[in-house]
Amino acid sequence: MTQGADRAPGRRTVLGAAVIGSAALGAGGVTGVSGGTASAAERPAGHGGAHGGHGELPVPTVIAHRGASGYRPEHTIGSYQLALDMGAHVIEQDLVPTKDGHLVCRHENDITGTTDVASRPEFASRRTTKSIDGTSLTGWFTEDFTLAELKTLRAKERIPAARQQNTLYDGRWTVPSFEEVLSWAEREGRRRGRPVWLHVETKHPSYFRSIGLGLEEPLARLLRRYGRHRAHSPVFLQSFEPSSIQRLARLVASPGVVLLSAAASRPWDFVQSGDPRTVADLVKPEGLEWIASFARGIGPTLDLIIPRRADGTLGTPTTLVKDAHAQGLILHPYTLRNENAFLPADFRRGGDPNAYGDAFGAFRIYFEQGIDGIFTDNPDTGLLARTDFLGG
């Protein structure tokens, strides 16, 4: 629970309070690459209008997963900039710490596959094996580097076999610190006349706290420094560990989102504390009610909304959207990508797993469930699909 006027808003506030702020900015909403923005009246029933705070976030919201990671190496300023230029409503960052306590943007603390560290002889001795959330990993890790050392590395494409075109940009950008991203968002917001929304994830928070590099306190300090610590600030805070969102809720009022993986899995902080609940328990009404006591939303895997059959095709939708909305929670599920390998079998086209399938058809199916937003590696596709869905 947070204090006073900074108390986090409920779902209706998050979904509705933004329009006034948007009008004051003269932005008239967020316009995607298609050039159109739907008003609340144009949105299908059940979507609840805009959500956000100082600038309107249309519903369904298109969230750029690690930036425009379908086109540029993930978690680089280049990826974030392209996503913003495409018209993405929100840009995602994943945070891990450096040895000297700075927060940097990487999907994992293991940077073996996302930087050129393996080719740098001066860091050869840093290669090591660690257990991260019960998984043994061998490579190079951010917590073994100072920020200054990390900034000498260059980012590269994480899945070059699937996204060979992205390798063109290998070496172009460094690993950004979160403070760099906040400064970038501030500059872009001033230039565009509207806030740049961020969706910020704490990665492996229990592990990092166990080695004296807790994420929540430095994150809260940065949010306060850049004025993103209030209930209506243009930021969401997310984690797969509910205790991290609970800790953040005691430090700042920014809306929190609990991420939910496969139904049979358990959050790592639950494993550590002996909490027997699984994700399947958390998506029941009583689990959602518990989440709603400290968070404003959930970020479920898409399979929790529409499970896949054994052959990879979509099955019968669950009641998760309805049940979460009944508890006042917004839903930002993850992650829709253009490539066949990532799409439900119903929407794959041809035999090449790296070729694009019918992503537009897949977006429509998920939008029809009443979700409030969706993470995608391809924000331009998501924005066009959204326009189609709204009849624009």
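Just a few scattered comments:
- Given (1) of a type outside the set (S, T, N, Q); (2) more than 27 Å from F240 (Cα to Cα); (3) open to solvent by less than 30 Å² (accessible area, probe 1.4 Å), index of the condition L384 fails: (3)
- Region 189-222, residues that are hydroxyl-bearing (S, T, Y) and surrounded by 15 or more Cβ atoms within 10 Å (Cβ to Cβ): T202, S206, Y207
- Counting only residues that are in a loop (DSSP other than H, G, I, E, B) and buried (at least 24 other Cβ atoms within 10 Å of the Cβ), region 68-105 holds 10 of them.
- Checking each residue in region 200-224 for being in a helix (DSSP H, G or I), under 20 Å from the mean Cα position of the chain (by Cα) and polar (S, T, N, Q) picks out only S206.
- Filtered residue count, region 161-176, keeping only those that are open to solvent by 60 Å² or more (accessible area, probe 1.4 Å) and either out of contact with any Ser or Thr (no Cβ under 8 Å at 6 or more places or on another chain) or without any contact (Cβ under 8 Å) to a residue 12 or more places away in the chain (or both): 5
- Scanning region 84-103 for residues that are closer than 15 Å to E188 by Cα and within 13 Å of the chain's Cα centre (by Cα) gives A88, H89, V90, I91.
- Taken over region 249-261, the residue count meeting the criterion of being surrounded by 20 or more Cβ atoms within 10 Å (Cβ to Cβ) and either out of contact with any Leu (no Cβ under 8 Å at 6 or more places or on another chain) or over 23 Å from A64 (Cα atoms) (or both) is 4.
- Region 327-342 residues that are more than 15 Å from V59 (Cα to Cα), paired with ones that are assigned to a strand (DSSP E or B) and open to solvent by 10 Å² or more (accessible area, probe 1.4 Å) (beta carbon under 7 Å, 6 or more apart): Y334/T301; N338/Y356; E339/Y356
- Selection of region 331-365 for residues being among the hydroxyl-bearing types (S, T, Y) and farther than 24 Å from E92 by Cα yields an empty set.
- If the condition is being touching a helix residue (DSSP H, G or I) at 6+ places or on another chain (Cβ under 7 Å) and of a type in the set (G, A, S), then region 168-220 contributes S177, G193, S206, G214, A220.
- Taken over region 146-166, residues that are more than 15 Å from P73 (Cβ to Cβ), in a loop (DSSP other than H, G, I, E, B) and under 25 Å from the mean Cα position of the chain (by Cα) amount to 1.
- Test: residue in region 226-246 that is open to solvent by 10 Å² or more (accessible area, probe 1.4 Å), without any contact (Cβ under 8 Å) to a residue 12 or more places away in the chain and not aromatic (F, W, Y): yes
- Selection of region 262-280 for residues being open to solvent by less than 50 Å² (accessible area, probe 1.4 Å) and free of Cβ contacts under 8 Å to residues at least 60 places away in the same chain yields A263, S265, P267, F270, D275, T278, V279, A280.
- Cβ-Cβ contacts under 8 Å between residues 6 or more apart (or on different chains), taken from a first residue in region 142-155 that is open to solvent by less than 40 Å² (accessible area, probe 1.4 Å) to a second residue that is aliphatic (A, V, I, L, M) and part of a strand (DSSP E or B), are listed as T142/V96; T142/V104; E143/V96; L147/V104; L150/V104.
- In region 121-136, the residues that are assigned to a helix (DSSP H, G or I) form Cβ pairs under 6 Å with partners that are open to solvent by less than 60 Å² (accessible area, probe 1.4 Å) and of a type outside the set (D, E), at six or more places apart or across chains, as follows: F123/V117; R126/W140.
- Considering residues of region 111-120 that are crowded, with 19+ Cβ neighbours inside 10 Å and not polar (S, T, N, Q) only, the residue farthest from R158 (Cα to Cα): V117
- Here P333 passes the criteria (1) closer than 19 Å to F367 by Cα; (2) open to solvent by 30 Å² or more (accessible area, probe 1.4 Å); (3) under 21 Å from the mean Cα position of the chain (by Cα) except the one numbered (2).
- Residue within region 177-188 that is at pLDDT 95 or above, farther than 21 Å from Q93 by Cα and open to solvent by 60 Å² or more (accessible area, probe 1.4 Å) present: no
The values are calculated or read from the model by the stated rules, or taken from the named source; none is laboratory data. What you see is a predicted model, and the numbers here were worked out from it, not measured in a lab. With ideal geometry, Cβ positions are generated from the backbone for all residues, glycine too; neighbour counts draw on all protein chains shown. Accessible surface is based on the protein model in full, side chains and every heavy atom, while ligands, DNA and RNA are left aside. Shrake-Rupley method; radii C 1.70, N 1.55, O 1.52, S 1.80 Å.
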